[in-house]
Structure formats: structure tokens, C-alpha cells
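What follows is one structure encoded as C-alpha cells, with my remarks underneath.
The values are calculated or read from the model by the stated rules, or taken from the named source; none is laboratory data. Since the model is a prediction, treat every value here as computed from it, not as a measurement. We place every Cβ from the backbone using ideal geometry, glycine too, and count neighbours over all the protein chains shown. Accessible surface areas use protein heavy atoms only, side chains included; no ligands, DNA or RNA. Shrake-Rupley method; radii C 1.70, N 1.55, O 1.52, S 1.80 Å.
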Amino acid sequence: MKKVLTAALFLGIGVSVFAQGAPVTHDEYVKMLYAIQKNPNEKAEIIEALRTRGIGFVLTDGLRDLTRTKGANDEDLKRTLEEADHRRRDPEGAKLPAEKDATEVLEKARTNTIASLEVMPDFVVKQVINRSGAYAGTGNWRPLDTVIIAVSYSTEKGEQYKVLSVDGALVQSEKSNNYSNLSGSTTGGEFVEALDKLFNAASKTTFKLLTTDTIRNQPSLVFEYEIALENNKNGGVGFKTPNGSAGYSFTTVPAGEKGKVWIDRKAGRVLKIEFAATQIPADFKVKAYESTIDYDWVTISDEKFLLPILSDNRFTTSEGRQMFQDRNLIRFKNYQRYGTEVKILDDDTKPEPTPKKPN
């Protein structure tokens, strides 16, 4: 991306201390999980306890399953539990750095991100999007369809999308700067926009050191961050409704953004972003939007670049008194040089293998 981004304004960098009180015991944690069913607001207290106190027990598959069922398959709770287990298994590596050192890691990530966006390569990639739905808060996802899209990126044209198939049926479509005219929930901006607004000075992003973690065997610092509504120039949420032969009518509203970013402690590279839209107007159809983007090194024309490999997007909408969720789980496959033809393969629609549990 051939443009110059000015330095981001880092404000309010603080340090969370997770050594307050004795670690959460096995029995205590189980009681906490059962308490969620009586009062869902207990979830926030469990997450806080896991982050500030850690755990004093071995995390087993049985506890993972119990967390999933009693916690309504809540991703934040499951992730926080895994983070606490990482710290238990590697207490030395999990120690928070001094504020000065944390600031240096954050500054390095800002510099590296801006530099990488300025030299973003021209490429094509296949997006395999598994779309599903559920009653909000249940985590019981029902598959809806699988969409395969060819995405091309160039410094001249930016991101362009071409829908190739829906549930195995080939689709004749033209390239466009989005694919929002496809029925169902759609997203975009995973390649440039998410990182751009995180470190762009205009966003006035505030950061706070939260904890440590390990992402794909890379020791990382986890920062909370927030972008106020008035500074989130490229942010917001939208809702579309069928409009006859015209396709769809779109209604969008601005929103703020609050989330977490995982940064490689040594390389100063963003490995993961997780955020939720904030300050959505109460009367808007979309009540919540959450997104997670994982980044990893991919090879394009014998050069390595840090690009998205997985994105998990969730939309909560209201229908009368009932709340529903739509989920788009996007796998980015086969990055190639710009101009290469994207082909649909037999294994594109196969479900992803279950991730291995940490050692």
C-alpha cells in the first residue's frame, strides 16, 4: 500500500498485575462455572479472576468441555482459560515486562506494521467462508453454507472480490471492491484496514498491557486497546435488506472499537487481533459485532509476508424479542502472486481438523 502513515499516538499504557491473591483452584473454578447458569454476569468475574490470579490446577479436556457447556461456548472465557494455563506451565516466560520494555515492543510493532502496509505485495488468495447461525449466547452453531471467494489485492486497486461458488454451485460474478451483494452476512478489510486503523495516528488508539500468551509457539504480549467512536473513521457496522431487482439496501452506523492485540515479544509483529464494536446505537438492528483475525507468515513469489490466515466474525441481530447470531469463519488459503488463477479444490469444503490441545 503506497501511502505514508504517521506515527500512532500511544496513550494510557498501563500494566495489569495477575499475581493478586492465590491461584484459582480446581473446585473454585468449577463452582464459578456453575454460577454462570444462575447469573450470566458472573462470566466477567471469572475472566478477571483467571487473568489476575491465574490457575493452580492442570487444565484437562474434561475442564475444557465443562467450560464450553457451562459457559455457553463463550470464546473469551475459553481463550482466557487457555492463557491462564500457559502462564501456569511457563511462569517465567509469562512474567510481564517493565512498562518501558512493553512500550518498546508496542513501538516496534507500530513501526513494523506501518512499514509492511507501505510495501504490501500484490497477491491473490482464496477465501473459504463457512457461514453458520445460532440463537445468541448458545454457541450451538447451525451450518448455513460455504462460500468460496477469490480475493486479489494490488496497490492500485486495493482489495477486490469475486464469488466463485456457494455450497459447491459455481457462481458467475464480476470483480468488485466488496461482495456485500451476496445474500447473508459479509465482511471485508482483513488485509489492510484492521491493521491500518489500529496504528494510524488519526485513530488515537489507547493501549494497556494486559497479559502474556504464546501464539503458534511465539511468546507474545497481549495489549488491550480502544478506539473511540469519533476516531474510528473506517469503522462501523451495517445491515442489509433485500431490495428487489436492486439487490440490497444498506444501512450503516459508526461505532467505536475495543479489543486485544497479540504482539510477538521478539519480532514486534502483530500475530492476532480480537475486537468488538462499541457504542452501536441502541435502536440499530445489529446489536453487536465481534471479530478475530489471526496472522502468520505466508510465502508469495519466494518472499515471506505476514498476512491473515483465519478470521472469525460474529454478528448479533434482533428479531422482536429474540436475538440471533451469524458467524463467518474465513480461512485464507493459497496466497499466490497477483494475476494467478484461483482454483476450487476438493478439500476446500471439508471441515478444518480439530486443533491439537496444548502440551
Per the C-alpha gyration tensor (a ≥ b ≥ c, the square roots of its eigenvalues), segment 162-266 is rounded if a/c is under 1.5, else prolate if a/b beats b/c, else oblate; here it's oblate
Quick one: with all protein chains in place, what share of the accessible area of the chain is carbon or sulfur, to the nearest percent (1.4 Å probe)?
50 percent
Under 1.5 on a/c is rounded, so check that first for segment 177-230, then, if it is not, pick prolate when a/b is larger than b/c and oblate when it is not; a ≥ b ≥ c are the square roots of the alpha carbon gyration tensor eigenvalues.
oblate
Given H placed 1.01 Å from N in the peptide plane, which residues other than close sequence neighbours of T205 have an amide H under 5 Å from its amide H?
L9
Assigning unit charges at the beta carbon (Lys, Arg +1; Asp, Glu -1) and nothing else, what dipole magnitude in debye, to the nearest 20, does the chain show about its Cα centre?
160 debye
Counting alpha carbon pairs within less than 8 Å and at least 6 residues apart, what relative contact order, in whole percent, applies to segment 130-206?
17 percent
Projecting each Cα onto the charge dipole of segment 65-151 (Lys/Arg +1, Asp/Glu -1 at the beta carbon, about the Cα centre), which of L81, V147, F123 comes out farthest on the positive side?
V147
Kindly provide the GluC sites (Glu not before Pro) of segment 96-177 that DSSP labels as loop, not H, G, I, E or B, and whose Cβ sees at most 10 other Cβ atoms within 10 Å.
E156, E174
Electrostatic dipole magnitude of segment 213-300 [Cβ: Lys, Arg +1; Asp, Glu -1; Cα centre; debye, to 20]:
140 debye
Working note, segment 282-342: Cα radius of gyration (Å, one decimal) and Dmax (Å, whole number) are 17.1, 53
Which value, in Å², gives the accessible area per residue of the chain when a 1.4 Å probe is used on the protein heavy atoms?
51 Å²
Please label the shape of segment 222-350 as rounded, prolate or oblate, based on the square roots a ≥ b ≥ c of the eigenvalues of the alpha-carbon gyration tensor (a/c under 1.5 means rounded; beyond that, a/b larger than b/c means prolate, else oblate).
oblate
Can you check what the Kirkwood hydrodynamic radius comes to for segment 103-181, Cα pairs only, in Å to one decimal?
15.4 Å
Please give the charge dipole size of segment 60-111, origin at the Cα centre, charges +1 on K and R Cβ atoms and -1 on D and E Cβ atoms. Round to the nearest 20 debye.
80 debye
q = 0.16, 0.17, 0.19, 0.21 Å⁻¹: log10 I(q)/I(0) that the Debye formula gives for segment 129-218, counting C-alpha atoms only:
-0.94, -0.99, -1.04, -1.07
Just to confirm my numbers, what's the Cα centroid distance between segment 149-222 and segment 291-324 in Å?
6 Å
